[in-house]
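Questions regarding the structure given below will be posed in turn.
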Amino acid sequence: MERRIPLKKAAFLVFIFSSLLPLSGQNLSQNNRIQFILWAEREVYPGVEWNSKVVESESAGEDDYTIPVNRLKQTAPFFVGGLLYGWNFEYTPSDKARKVDEYMDFSPVRELLPGELNSIRYKNTALKDDRLYCRVEYDRTEEQKNLYRSWQSITNPKIRGTGYAPLNKGFDGIRLACQEAIKMAVREYWRTKIKNKPREISGRIMLSAPPVVAVDSGRYKVTLDFFMETDRILEYEKF
């Protein structure tokens, strides 16, 4: 039996926990089908049953599961887009001598189309240890498979970064943590490659595996593995 939880009585924190996938978790091949686990923590309401129809429904009412459903449908496409098409990034290292602050921003290479959004599936919803789990799936088209294979075959570096952001920022916190993870990975990689600090580094990244998002000391902790393609490195003119 499905029972409703008033929004005022429920608080949800949504994040990915890829290692819980039954099929070898984070090491599961993403070549043909994107798969990762999305879960939400809630207050204790014994006896409440959850099912996948709640997530698939487009008409969750205010007394249903509006908060977790909205977060699932905001977070899942964000990461699916990173796995399908990747993100553009711009990074400016800090330079105290020139009074330049560190700057990083990233944006989707391409926004998901309505048909692609509708192709995201939310499956096997289950409640365990007071957490709502949902497996997110998306089947790549042939064109998307070829794009992913091209990123795998090109000799672009595969790097990893970890970022943090406050839990109370919700989805914005997840995005901020991703931004820091990208910044840390790009910065550490190019520190070993460039002798003189550049003015700007820009390029594209594509997630090579589902993200791992956890909670650490009251913050989101996001770890990203990705391929990096560098478009340009701008050098400073000499003083």
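Can you classify the stretch 81-150 as rounded, prolate or oblate using the Cα gyration tensor, where a ≥ b ≥ c are the square roots of its eigenvalues, rounded means a/c under 1.5, and otherwise it's prolate if a/b beats b/c and oblate if not?
On the way: a/c = 3.49, a/b = 1.64, b/c = 2.13.
Oblate shape, in that a/c is at least 1.5 and b/c is the bigger or equal ratio.
Shape of the stretch 113-186 from its Cα gyration tensor (a ≥ b ≥ c, root eigenvalues): rounded if a/c is under 1.5, otherwise prolate when a/b > b/c, or oblate? Mind dumping the intermediate values first?
Numbers: a/c = 2.14, a/b = 1.10, b/c = 1.95.
Here the stretch 113-186 falls in the oblate category.
Got a number for the accessible area of T230? Probe 1.4 Å, square angstrom, nearest 10.
For T230, solvent-accessible area is about 50 Å².
If you filter the stretch 155-239 for GluC sites (Glu not before Pro), then keep DSSP loop positions with at most 15 other Cβ within 10 Å, what is left? Numbers along the way, then the final one.
Details: sites: E180, E188, E200, E229, E235, E237; in loops: E235, E237.
Sites meeting the loop and neighbour criteria: E235, E237.
Counting only protein chains, not ligands or nucleic acids, how are D101, D225, D172, D139 ordered by accessible area (probe 1.4 Å), most first?
Numbers: D101 125, D225 25, D172 95, D139 65 Å².
These residues rank, largest area first, as D101, D172, D139, D225.
So for the stretch 83-239, averaging the separation of alpha carbon pairs under 8 Å that are six or more residues apart and normalising by length, what relative contact order in percent results? If you can, show how the numbers build up before the last one.
Details: 281 pairs, mean separation 41.9, N = 157.
That works out to 27 percent.
While we're looking at this one, here's another question. Multiply the residue gap between F171 and L113 by 0.36 nm, knock off their C-alpha separation, and tell me the result in nm, one decimal place.
Result: 18.8 nm gained on full extension.
To the nearest 10 Å², what's E142's accessible area with a 1.4 Å probe?
About 110 Å², rounded to the nearest 10.
Sticking with this one: What shape does the stretch 114-239 have by the C-alpha gyration tensor, where a ≥ b ≥ c are the square roots of the eigenvalues, rounded means a/c under 1.5, and otherwise prolate means a/b greater than b/c and oblate the rest?
Numbers: a/c = 2.70, a/b = 1.44, b/c = 1.88.
It comes out oblate by the Cα gyration axes.
The values are calculated or read from the model by the stated rules, or taken from the named source; none is laboratory data. Keep in mind that this is a model prediction, so the values were computed, not measured. Cβ: placed from backbone, ideal geometry, glycine included. Neighbour counts: every protein chain shown. Side chains are part of the model used for accessible areas, which takes the heavy atoms of the whole protein and leaves out ligands, DNA and RNA. Shrake-Rupley method; radii C 1.70, N 1.55, O 1.52, S 1.80 Å.
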